[in-house]
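Below is one structure, written out as structure tokens, with a few remarks after it.
The values are calculated or read from the model by the stated rules, or taken from the named source; none is laboratory data. These numbers come from a predicted model, not from an experiment. Note: ideal-geometry Cβ built from the backbone for every residue, glycine included; neighbour counts use all protein chains shown. In case anyone asks, the SASA skips ligands and DNA or RNA and just uses the protein heavy atoms, side chains included. Shrake-Rupley method; radii C 1.70, N 1.55, O 1.52, S 1.80 Å.
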Amino acid sequence: MITPAFELTQDPDFLTIVIKVPYARASEFDVYFEGEDFKFYAKPYFLLTLPGRIVEDGREKASYNTDKGIRTFTIRLPKEIPGQYFEGLDMLTSLLAPKKSRSGKPLVEEIGMSASAELPEEEEEEEFDWEIEQTPYEDSAESTLPLQYRYGFGNLRSGVFQRLQDELSDIIDLKAPDQTPVDERRRKRLATEAAKFDPDHYLADFFEDEPIQHVLKYKPWWVDAHKKMTAFKGESHQEHDTHTFVVFSEEEKEQLRKLTNKSYLLDKRSRHHVYLGLIDILLAYCYEICVNEGDKNVESAWNIRKLSATLCWLETFTSIHDVLVSFGRRVLCYPLHRHFGLVTRAFNDTVTILQLGKAAVLKCLLDIHKIFRENDPAYILNDLFITDYCIWIQKTKSKKLAALSESLQKTTLTKSHIGFELEELEAAAVLVEEEERMLKAAGTVSKQQLPSSESETSESEESSSTSSSETEGSDSDERESSTSEDGKINSLQGTLQEERTAPLIDCNGLRQGTNTSTFEVSDEKPKVSLQSTSVSGKLIEELEKQMHTAIRLSEQPEGSATASCILQEQEENRVSEPDEFSKNTTGKGNFLEVSSKANPLLLFCSTNEDED
């Protein structure tokens, strides 16, 4: 028999069932309903069970429609209690008839339960203390049993990978899972994560976080749904309303119809592991949706199973904090984007999904189921975990998920909990970045100063070349003036030789002296005595004017370098030169030569013939 496509809706007084049967005949169908039972038969389709009690009181109605080539039956059934809210009308798998065993006696019997019960009575046990770490109970009598080697949903599977050795490495990271106990799995996982962590990759994403900030702006469908739910609850509405915030697509409804309805007998410890494993899987899924902005790619299956230790290492957690730490470590070790902000974002998204209820959780699980189904060999994880989660979540009490979301929201996760010394790495990297920034700024300033200094240097070189050319020009001018002076002096030599007693010159330190030509350097004023033959007053006046422009005598402190150099030169001149000027028979000689160098006190006086 084929289960037809169907939908259920409700209002305060009626339950409406829409059944699509494209291959059925309208003349060949039967409908039976009473209490919680609803039976529809139209060969080859068959439908059974209802979520609540209905009655046959004459108000029921049925219609048949063939629009668009699809035969559709619409049946309206009155509720036994008007105003009653039927929960879980979108949980289509749970509405199907349970699959019966083909054996003469079932392997496991549920004692004391009605056929229409949704959940085992174990769901009504005391609430979990999600905040306190719970250690699995170990009984010495059960230590010989292979319970510690089991895995899968509720630790109900074992020996699966013994026949899947070729696909083992492509599915999980744990080697020999059928021979590895739970504690050893955890130790190996932690060691592998510590070896895989790359500080350079983490710091690169920490500083160059533009792509990460971009994907963090993405808003998946559950964000808008949660806003609508929050706004809706703020208004004055009844607790149970027909308004739905999570809508399943036709493809997702088809997935639900293909699932087999069954019940799970889980003890308290196993249920605890199942809830924590659900958080771990949802965290990995939220990361995948965020970084790919809702799109699927060839890496989607890898991302989900790699970030979930439940799927990749067959881990069984004992506290919510352990789940968050495991997820945070794996985010910083394996995917392309390794940023703590993505851990926080996945954490917040998971809380939002749980607050929306089991419909939102089921929608996420169906998407994961589809991703794994289309990836080889990740589909094996559907058989181990996801398919059972899709069936189990439909029968879970909403208050359990509400309590779980509240406990998850209260749990904190910081970088110090991860165990990779993230805060120390970031602090050291910030210091290095500051130093590099300072060095870069200093280099920029020096580069800016370098062209200006080069320009100043070139300007100084140009000015020096100009001054040197000017100096050379002045030297040539002075040589020419000196030559003209020599001509004048030579023309008057006869007169100088005739005059035995010359008048003394007193101008800027030149004073009258005796029959010797000396330079005297003292603390008071430098004195120059000059003996010559008789010179006319006119020549003296001309020499005085020329000496005013050419000679600069300045006072120097005693012991200074300039004075000592001048004194040394004067002493040498005093030894080499005669005391008196002799008569020059040829009428030629240099009487006075003034240098144009920085030191103007370079006087040379020579004659062609000594009187002595």
Ordering 23, 264, 41, 389 by accessible area with a probe of 1.4 Å, largest first, what comes out? 23, 41, 264, 389
Taking all protein chains in place and a 1.4 Å probe, what share, in percent, of the accessible surface of the range 200-422 do carbon and sulfur account for? 50 percent
Please quote Rg/Rh for the range 305-358 to two decimal places, taking the Kirkwood radius as Rh and restricting both calculations to Cα atoms. 0.98
Can you give me the C-alpha center-to-center distance between the range 241-273 and the range 170-220, rounded to a whole angstrom? 29 Å
Descending packing, highest mean Cβ count within 10 Å first, for 317-328, 206-217 is 317-328, 206-217
Please go through the residue pairs 20/253; 219/253; 219/415; 306/410; 217/415 and name each one whose alpha carbons sit more than 19 Å apart in this structure. 219/253; 219/415; 306/410; 217/415
Subtracting the Cα-Cα distance from 0.36 nm times the residue separation, let me have the gained length for residue 188 to residue 441 in nm, one decimal. 86.3 nm
For the range 200-422, shape from the Cα gyration tensor axes a ≥ b ≥ c, cut at a/c of 1.5 then a/b versus b/c, turns out rounded
If you stretched the chain out fully between residue 399 and residue 64, how much longer would it get, using 0.36 nm times the residue separation minus the C-alpha to C-alpha distance? 116.7 nm
How much of the accessible area of the range 5-86, probe 1.4 Å, is carbon plus sulfur, in whole percent? 49 percent
Compute log10 of I(q)/I(0) for the range 5-86 with the Debye formula, placing one identical point scatterer on every Cα and leaving out solvent, at q = 0.12, 0.21 Å⁻¹, to two decimals. -0.33, -0.95
Just the accessible area per residue of the range 200-422, please: how many Å² with a 1.4 Å probe? 39 Å²
What distance in nm separates the simple spin-label points at residue 434 and residue 296, each placed 7 Å from Cα in the Cβ direction? 4.9 nm
I want to check the label-to-label distance for residue 178 and residue 209. Put each point 7 Å from Cα in the C-beta direction and report it in nm to one decimal. 4.6 nm
Each label point is 7 Å from the Cα along the Cα-to-Cβ direction; what then is the distance between the points at residue 57 and residue 344, in nm? 5.6 nm
